[in-house]
Each structure stands twice: as C-alpha cells, then as structure tokens.
Amino acid sequence: QPVARLALAFLHDGVPRKTLEAEYEKPVASEPEIPARTDYTDTLRQLLGSLNICSRESVIRQYDHEVKGRTIVKPLMGATGQAPQDAAVVRFDFESWEGVAVSNGILPRYGDLDAYQMSAGSFDEAVRQIIAVGGKLPNLTPGDGIFWSVNDNFCVPDSVYDPTSNPDGKQKLAKLVQMCEALRDATAAYCIPLTSGKDSMKNDFKADGVKISVPPTVLYSMTAKMEDVRRAVTSDFKQADDVVYLLGETHDELGASEFYALHGELGANVPKVNFAKAKVLYTLIGEANDQQLVQSCHDLSDGGLAVALAETTFGYGYGAEIELPADGLPLATQLFSESHSRFLATVAPEDAMAFEQLLGDRATRLGRVTLNGQLTVHHDGQTVISANTATLRAAWTNGPVNQLLGVVSNDNLSHSNSL
C-alpha cells in the first residue's frame, strides 16, 4: 500500500530560496615604509623562528605518519630528519609502485586584504606542493590517467546581514562570494575536480559585549595519483655543486607577508595568481621530472625565497652560494616576497643546459650548493645574508623559544638546540 506521495516539484522547489545581500568595499590599505635593514641574516633567523614558519616536529612526532611502512615522502626528511617537505607521498600497496600525493593550502591572513586572492592563492599553494614532489597536472591530454581530487573547507564568519547583531554582514558575504569565484576559476584553470568539502559558516566569538569574527578562510586539501613513487622529489639539497634555480617570477607582493608581520604591518599588495602562466610552468616542471633533471624542489610560500633557501639546507647540512639577479626589485622584495607559483630547484651540473633549454626564461640561475654548511646570499656586489645552516636550523627547530629568551649568538643558538 502507498504510504507517502510527495510531488517532485515540492521536493525541489517547495522551500523558498533565501536571498541575502552582499556589498563589497575594498579595504583601505597602503604599503608601509619599512626601514632599510643591513642585517637580513637576523631577519631570516627571526622569520624561521616565527609561529607560522617554525618547525612542527613536536606535533608531527606524536602521530603515526608511516602508514604501514608505505610513506615515501614524510613530513620531515633528510639525514637530519628535519628537512620540511611540501607534500606527503604514500604508496598504495606493495604490489606496485603506484601512490598518492597529499597536500594542503591555507592563507588566512591574505583574507584581510583580498578574499579572492586568498582563496586563489590557497588553491595554487596546494597544487604547487604536489608539483614540487613530482606530481603532474591532470587532463593535459585525453585519457592520461592522472587523477586529482580537491576537498574544500570553508571557515568564515556569520555572513547574514543584521543591522544590530551583524552590521558588516554584507561585506562578509561579498568576501564569501569572492572566495567561491576564485574556487571556480582555479578548478577550471587546472582541470581539477572538487569532489568534497565542508563549510563552517558561523565563526564568531562573543563575550562581554565584544564580537570577534575570523577572517575569511578556506583550506584546500588535495590528492593526486603518482604512477611511480620512486620518482618522487624531495625539497632538500642533495649534493654539492648542484645548480640552484628559482622557477617562476617574483613580484612586488609583500602584502600580508610574514616579513611585514615581523614589523607589525599588513601592507596592501597581496600576491596574485596568474593561472595561465602557472599552468605552463607546472607542465614544464612535469616534463623536467620525466627527464629526471630535478634533484630537489621546494615550493616558495611563507617567508619567500630566503626562508626556502634556509629550509632546503636542513636535510644534509649543505650550504649554498647565491647571487640575486639585478631585476629592479627592492632587495627585501626579492628575499621575502611570497609571490605564488614559484619553486626553488636544484639540478646536477651536467643537466643544467638541458634544464635551462626546457624551462627557458621561467628558470633563473641563482648559484650552487656548497659543502661548507654556510648560506651566503649576494646582491649587487654585497653580502646580504651569511649564516651557518646549523644555526638557522636551530632557530627553526626551537621556534619562538629563541625570541623569548633573546638568544642571538651562534654559540647560544647551537647550545639551545642541543638542550
């Protein structure tokens, strides 16, 4: 006997759609005047010890990331076991060499300046992390068998306007719309399907008449199939005399950077993603990996080039001799800009010519890997960073402890690390 009869028209259209109001007003922001510094070595040390950049080893070691002995690229690698990696790579089973790369991208502070670029940048960060470990973009050719999947996790404040309880609701909703527009553009540009997600839409704290709302934030978690996990690439320098390259372009984009945060500033020029140029570069890197030209690869993110250079020395204690190009950008911008879609890669000397022919002007030769355990960066004939890599790793390992204790000397840093 029939027990229910429900018209499909009512099922799909019976509940009225909610109509919300959104109005966007661009934040008033400007670039701060940061005093010219001569000691960028100390700036780098402070950045490595900052909360958003320092080591997460104390957390990592509390969880089993070995997954039955099938984890190929772990959170920390190298002989020291402290070289941070961009993405994880896990073998499916012991019957084949197939595996999966897993990455995450999140940039909450960018949302204070531009919600669209915050979302676009987070998506690009997750993509380039997988490219860095040897992944290849999907759907470049029909039936290529390269599968990717994206999970979004939105974390935003209450975006429903109310003149009393939520007077800035229209602005918040406009930012949410921009976040979704960026997600649409990114998935279309990279041909990566969005297969799942989670939305947390009421992230506000209220107490004693004070209301605090989170900045618009989205976390993108990605997975990508890798045909052969033995071809995975890690971030750490592998051998002396390898040639160091910057892949991608640096722009005057210090807005919401860790460098500005170090000076208590926000700035205005938030990094912007150029999806078309990024896709071309990512495809070229995939071809370079197919030819086994890349020894190491590390994506540039928090802290920019200077932090990436330091992190790549942590695995084996190698150093690097670097010469920044005379490209017209301010020195601080070259060192600390967080422009998207960039990598720090090393190539064996005998493969440098082939690599440069393949990458063309998308690769800038910076210098070479050294045995002396010293990171030295030159610009315009002057040494702008000179630091022992063990000292830098100690600052990164101990995080803000060094800042609180006021530890500044190399001897004290090394002693602090041993403690």
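The values are calculated or read from the model by the stated rules, or taken from the named source; none is laboratory data. Please read these numbers as outputs of a predicted model, since none were measured by experiment. Note that each Cβ is placed from the backbone with ideal geometry, even for glycine, and that neighbours are counted across all protein chains shown. Protein only, heavy atoms only, side chains kept; ligands, DNA and RNA dropped before computing areas. Shrake-Rupley method; radii C 1.70, N 1.55, O 1.52, S 1.80 Å.
Ordered from highest to lowest accessible area with the whole protein assembly present and a 1.4 Å probe, ILE130, ILE146 read as ILE146, ILE130. Only helical runs count toward this figure. For the chain, summing -39,500 (n - 2.57) over DSSP H runs of n ≥ 4 and dividing by all residues gives -9000 deg cm²/dmol at 222 nm.
When each of the peptides 82-91, 29-38, 161-170 is scored by the mean number of other C-beta atoms lying within 10 Å of its residues, the order from highest to lowest reads 82-91, 161-170, 29-38.
Which of the three applies to the stretch 1-58, rounded, prolate or oblate, going by the alpha-carbon gyration tensor with a ≥ b ≥ c and a/c under 1.5 meaning rounded? Oblate. Extending 7 Å from the Cα toward the beta-carbon at both GLN239 and ARG70 defines two label points whose distance is 3.2 nm. Rounded to 0.05, the FRET efficiency of the GLU287 and LEU20 pair, given R0 = 56 Å and the Cβ-Cβ distance, is 0.75.
Based on alpha-carbon atoms, the Kirkwood radius and the radius of gyration of the chain give Rg/Rh equal to 1.00.
For the stretch 126-176, place one equal point scatterer on every Cα, skip the solvent, and apply the Debye formula. What is log10 of I(q)/I(0) at q = 0.18, 0.20, 0.33 Å⁻¹? Each listed q maps to, in turn, -0.67, -0.73, -1.18.
Residue-normalised convex hull volume from the C-alpha trace of the stretch 191-303: 199 Å³ per residue.
Label 7 Å along Cα→Cβ of ASP39; the stretch 380-395 residues with amide nitrogen under 18 Å? Within reach of a label on ASP39: 383-389, 391-395. Which part of the stretch 51-72 falls in the paramagnetic zone of PHE94, meaning amide N under 17 Å from the point 7 Å along Cα-to-beta-carbon? Zone members listed by number: 66-72.
Sparsely packed loop sites in the stretch 48-110 (the chymotrypsin sites (Phe, Trp or Tyr not before Pro) outside DSSP H, G, I, E and B with at most 10 other Cβ atoms within 10 Å) comprise TYR63, PHE94. Over 27 Å apart at the Cα level, from the set LYS211/LYS272; LYS18/LYS206; LYS202/LYS279; LYS136/LYS172, are LYS211/LYS272; LYS202/LYS279; LYS136/LYS172.
Listed peptides 195-204, 318-327 appear in the order 318-327, 195-204 once ranked by packing, highest mean of other Cβ atoms within 10 Å at the front. Residues VAL59, VAL384 ordered from highest to lowest accessible area at a 1.4 Å probe: VAL59, VAL384. Using a simple spin-label model with pseudo-atoms 7 Å out from Cα toward Cβ, LEU11 and GLN382 lie 7.3 nm apart.
Each listed q (0.12, 0.20 Å⁻¹) maps to a log10 I(q)/I(0) for the stretch 87-229 from the Debye sum over equal C-alpha point scatterers, namely -0.55, -1.11.
For SER296, the residues 5 or more places off, or on other chains, whose built amide H falls under 5 Å of its own are THR346. The base-10 log of I(q)/I(0) for the stretch 217-281, evaluated at q = 0.11, 0.20 Å⁻¹, reads -0.51, -1.16 [Debye formula, identical scatterers on Cα atoms, solvent excluded]. Here the ratio of the Cα radius of gyration of the stretch 16-141 to 2.2 N^0.38 Å is 1.46. Using heavy atoms of the protein chains and a probe of 1.4 Å, the accessible area assigned to LYS26 is about 150 Å². Sorting 183-190, 247-254 by their mean Cβ neighbour count within 10 Å, with the most densely packed peptide first, gives 247-254, 183-190. Residues in the stretch 122-133 carry Karplus couplings, in order, of 5, 4, 5, 4, 5, 5, 5, 5, 6, 4, 4, 8 Hz; the curve used is 6.51 cos²θ - 1.76 cosθ + 1.60 with θ = phi - 60°, and Gly or Pro positions show x. Extension gain for the segment ASN151 to PHE205, taken as residue separation times 0.36 nm less the Cα-Cα distance, is 16.8 nm to one decimal. Each 10 Å bin from 0 upward holds the following percent of the Cα-Cα pairs of the stretch 27-93: 16, 33, 22, 17, 10, 1. What does the charge count around TYR316 come to, taking other residues whose C-beta lies under 14 Å from its C-beta (Lys +1, Arg +1, Asp -1, Glu -1)? Around TYR316, the surrounding residues sum to -2.
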